[in-house]
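Before any comments, here is the structure.
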Amino acid sequence: MLAMEKQADTRTPTTRRTIVLLMIIAIGISAVGVGWCLLQPKSQGNEGVLAPDFSLTDVEGNSFRLSDFRGKVVVLDFMATWCGGCRAEIPHLGDIWEKEDYRDSLVLVSIDIDPGESVETLRSFAQDFQYATWIWARDTVNLAQAYEVVYIPKIVIIDMDGYVRFTHDGLTGASVLISEIDELLS
């Protein structure tokens, strides 16, 4: 019996290592799967509905309404400054913002949905990206609920008549944004 106990003791570290290794592999596969899913376009089922109007104040103190932008394509970027995916999406937003073809027909608004973040925090975050001269505002009217924001970043594209035409949870590449905007502008 003592020999069996010794044998069991020598197998335990190997068994533990195997279990830990299998858990690490499973977590890695899950992380890759979740990352892949976040990069895939997802319809929220609200395309074609009138976008909920709202009024916000940007980080410079200027008030604006969504309805002020009728006649233009509006891209809403729901985000938070601590969100890695949100930070990674800013260069993609910069690519569409800097397109000459969109200068007079596109409005881009990044909306921080974290109620714990201040205007100063958001302003400082935006200043980290010199080209990010679009509108930056905090969600002070619960837009996250109105626009069904479950994951961030979330992109909502609204057509010139005020209807939601595209939504996507997770990082959205510039090529996807350009394709959607071009379709609405044509």
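Hey, with R₀ at 22 Å, roughly what FRET efficiency would THR133 and SER55 work out to, going by the Cβ-Cβ distance, to 0.05?
0.55
Taking every pair of alpha-carbon atoms in the range 55-185, give the share separated by more than 17 Å as a whole percent.
54
Within the range 138-164, find all residues whose amide N lies under 18 Å from a label point positioned 7 Å from the Cα of ARG70 along Cα-to-beta-carbon. Only 158-164 fall inside the zone, counting backbone N under 18 Å.
Subtracting the Cα-Cα distance of ASN142 and GLU100 from 0.36 nm times their residue separation leaves 11.8 nm of extension gain.
Quick one: net charge of LEU185's neighbours, Cβ under 15 Å, K/R +1, D/E -1?
With Lys, Arg at +1 and Asp, Glu at -1, the neighbours total -3.
Readers should treat all values here as calculations from the given coordinates under stated rules, not as data from a laboratory. None of these values were measured; they are calculated from a predicted model. For neighbour counting, all protein chains shown are included, and Cβ atoms are generated from backbone atoms with ideal geometry for every residue, glycine included.
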